Amino acid sequence: MRTQVAIVGAGPAGLLLSHLLDLEGVTSVLVECRSAEYVKSRIRAGILESGTVELLKEVGLGDRLSEEALEHRGIYLQWPGERYHLDFVEHAGHPVWVYGQTEMTADLMKARERAGRPAFYQVDDVALHDISGDRPYITFSDAAGRPQRVDAAVIAGCDGFHGPSRRMMPTAGRRTWERTYPFAWLGALAAVPPSTDELIYAWHPNGFALHSMRSPQLSRYYLQVRPDEDINGWSDERIWEELAIRLGHGQDAWSLQTGSIIEKSVLPMRSFVTTPMRHGRLFLAGDAAHIVPPTGAKGLNLAVADVALLARALGAWLRDGSEALAHGYSETALRRVWRCTHFSWWMTTMLHRHGDDFDAQLQLAQLQRVIASEAATKELAENYAGLPIGR
Ligand code: APR
Ligand code: PHB
């Protein structure tokens, strides 16, 4: 089979790239090792920046989003004795939106099916070939076990942190940076209305807690735990008790509504960046090139920003013969990647218990500063609410 862009990985990065390339008049084939059902139901991120929402609407993916996404003006920042509402609209000029990655993935899959763009799910043994030459191709066995080959002008590695694409990049000239945090998140999804109108980020002596949501009936919670935490030690009762302690702020009659927990798991926290994001005819996008800890809600938005740039660059190259944007892709994308890497690291280190009591006092001093100073509030708001896409 021949196409212009062979896309490895059908997560949000790969699916959106195939959609945007279609609009650029560029053909693509998607290759994914999991089943479509698995990809669709994978519970991940939930916050979209305004820039992400605008892009999705512009490219015809906004119908259900406009109906169902919840507009949030800001977040609550909390520590014992204080719950402060930080307003992004006031301080950064735009809100964020609650819309689960599962919903965005479903919209993207539907658009792909409607347009009849080819995709292979449940493939095995994906291998990338000749990425340094002019005729790259990928090989794999399809869901029925038949060997397949896709020849392309370009390969897009959208296969996440564990996929094969990044490992194909030559080591010469390659640099990677990594930070593994000494804590993890226990994530829980519950069929219960949120006990808050907007997200609560809570510093607490027992550890960080986050109250998020997916819809008016579905809440998402996180608790800071040890990296080697055994999920079996966390009964639903223990999760609710700990959430009530950490999310309570001791000021008014606020209480946490409990209910049935649908899913729970422990998620590692790391920062990771590899550069450059291009070698020859292989381009990396999304988690294949970088990981941020989830504290600033940047991972999904970064993946969207990468493929927005990449689609434009590949359109200009493969349709019009101009390679300038493709040459600049890695450098341009990495400016945003490092900004978000810094912001996610900063939010993470400010809000999680680590170190000693001296560190705790520094964190509280920083949190006080964020709400006391217009400049410090604006800095957090602008980073969280997001830069315009395409920069
Ligand atoms: N062959 C084909 N597909 C693969 C392979 C492989 N060998 N290895 C991994 N994949 C697929 C995964 O199954 C997954 O569907 O690549 C896809 C990568 O998707 P994500 O991990 O979601 O990464 P990305 O699309 O870059 O999205 C990043 O989504 O979940 C969040 O935290 C993530 O917010 C970040 C954003
Ligand atoms: C989520 O809802 O999953 C979520 C929200 C905000 C974050 C991280 C995760 O910072």
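Just so it is clear, none of the values below were taken in a lab; they were calculated from the coordinates. Small disclaimer: the values here were computed from a predicted structure and weren't measured. Quick reminder, even Gly has a Cβ in these numbers, built from the backbone with ideal geometry, and neighbours come from all protein chains shown.
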(message) Could you tell me how many of the residues in the range 69-90 are over 28 Å from Pro205 (Cα atoms) and part of a strand (DSSP E or B)?
(response) 2
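One line per residue, one yes/no per condition, for (1) among the acidic types (Asp, Glu); (2) near ligand 1 (Cβ under 10 Å from one of its atoms); (3) within 21 Å of Val59 (Cα to Cα):
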| position | (1), (2), (3) |
| --- | --- |
| Gln4 | no, no, yes |
| Ile7 | no, yes, yes |
| Cys33 | no, yes, no |
| Arg42 | no, yes, no |
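Any idea how many residues of the range 36-50 are away from ligand 2 (no atom under 16 Å from the Cβ) and either crowded, with 21+ Cβ neighbours inside 10 Å or under 22 Å from Leu267 (Cβ atoms) (or both)? It would help to see each step written out before you state the result.
Initially, the range 36-50 is screened for residues away from ligand 2 (no atom under 16 Å from the Cβ), giving 36-40.
Of the ones still in play, those that are also either crowded, with 21+ Cβ neighbours inside 10 Å or under 22 Å from Leu267 (Cβ atoms) (or both) are 37-40.
Result for the range 36-50: 4.
From Glu103, Glu82, grab the single residue that is among the acidic types (Asp, Glu) and over 15 Å from the mean Cα position of the chain (by Cα).
Working: Glu103 fails: over 15 Å from the mean Cα position of the chain (by Cα).
Only one candidate passes the filter, namely Glu82.
Of these, Ala188, Ala172, which one is buried (at least 19 other Cβ atoms within 10 Å of the Cβ) and not acidic (Asp, Glu)?
Residue meeting the stated conditions: Ala188.
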(message) Go through (1) surrounded by 15 or more Cβ atoms within 10 Å (Cβ to Cβ); (2) closer than 23 Å to Ala311 by Cα for Phe161 and report which single condition fails.
(response) (1)
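May I ask you to say which residue of Ser132, Ser66 is among the hydroxyl-bearing types (Ser, Thr, Tyr), in a helix (DSSP H, G or I) and either over 30 Å from Ser165 (Cα atoms) or over 23 Å from the mean Cα position of the chain (by Cα) (or both)?
Answer to the selection: Ser66.
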(message) Condition (residue is among the basic types (Lys, Arg), out of contact with any helix residue (DSSP H, G or I) (no Cβ under 6 Å at 6 or more places or on another chain) and more than 16 Å from ligand 2 (Cβ to nearest atom)) applied to the range 344-362: is it met by at least one residue?
(response) yes
(request) Give me the pairs, please: first residue somewhere in the range 293-311 and in contact (Cβ under 8 Å) with a residue 12 or more places away in the chain and among the charged types (D, E, K, R), second residue anywhere and assigned to a helix (DSSP H, G or I) and within 15 Å of ligand 2 (Cβ to nearest atom), beta-carbon distance under 7 Å, and either six or more positions apart or on two chains. (result) Lys298/Cys340; Lys298/Phe343; Lys298/Ser344
(request) List every residue pair whose Cβ atoms sit under 7 Å apart, with the two residues 6 or more apart in sequence or on different chains, where the first one lies in the range 140-169 and is within 25 Å of Leu318 (Cβ to Cβ) and the second, anywhere, is within 16 Å of ligand 2 (Cβ to nearest atom) and among the charged types (D, E, K, R). (result) Gly160/Asp287
(request) Could you list, in sequence order, all residues of the range 192-208 that are out of contact with any Gly (no Cβ under 7 Å at 6 or more places or on another chain) and farther than 20 Å from Arg270 by Cβ? (result) Pro193, Pro194, Ser195, Thr196, Asp197, Leu199, Ile200, Ala202, Trp203, His204, Pro205, Asn206
(request) Can you work out which of the residues in the range 304-340 that are in contact with a Phe, Trp or Tyr (Cβ under 8 Å, 6 or more places away or on another chain), in a helix (DSSP H, G or I) and not small (Gly, Ala, Ser) is nearest to ligand 1 (Cβ to nearest atom)? (result) Leu310
(message) When the residues of the range 340-391 are narrowed to those that are surrounded by 15 or more Cβ atoms within 10 Å (Cβ to Cβ) and of a type in the set (Asp, Glu), which ends up nearest to the chain's Cα centre (by Cα)?
(response) Glu382
(request) Name, by its number, the condition in (1) under 21 Å from Gly14 (Cα atoms); (2) within 16 Å of ligand 1 (Cβ to nearest atom) that does not hold for Ala115. (result) (2)
(message) Quick check on the range 80-90: of everything there that is surrounded by fewer than 19 Cβ atoms within 10 Å (Cβ to Cβ) and not charged (D, E, K, R), which residue is nearest to Gln361 (Cα to Cα)?
(response) Pro80
(request) Return a yes/no flag: does the range 284-294 have any residue that is more than 30 Å from His85 (Cβ to Cβ) and either within 15 Å of ligand 2 (Cβ to nearest atom) or surrounded by fewer than 23 Cβ atoms within 10 Å (Cβ to Cβ) (or both). (result) yes
(request) Could you look through the range 182-198, keep only residues that are over 17 Å from the mean Cα position of the chain (by Cα), farther than 17 Å from Glu241 by Cβ and assigned to a strand (DSSP E or B), and pick out the one that is farthest from ligand 2 (Cβ to nearest atom)? (result) Pro182
(request) Looking only at the range 343-391, count how many residues are of a type in the set (Asp, Glu) and touching a Pro at 6+ places or on another chain (Cβ under 8 Å). (result) 0
(request) Could you grab me the full set of residues in the range 200-227 that are assigned to a loop (DSSP other than H, G, I, E, B) and surrounded by fewer than 23 Cβ atoms within 10 Å (Cβ to Cβ)? (result) His204, Pro205, Asn206, Gly207, Pro216, Gln217, Arg226, Pro227
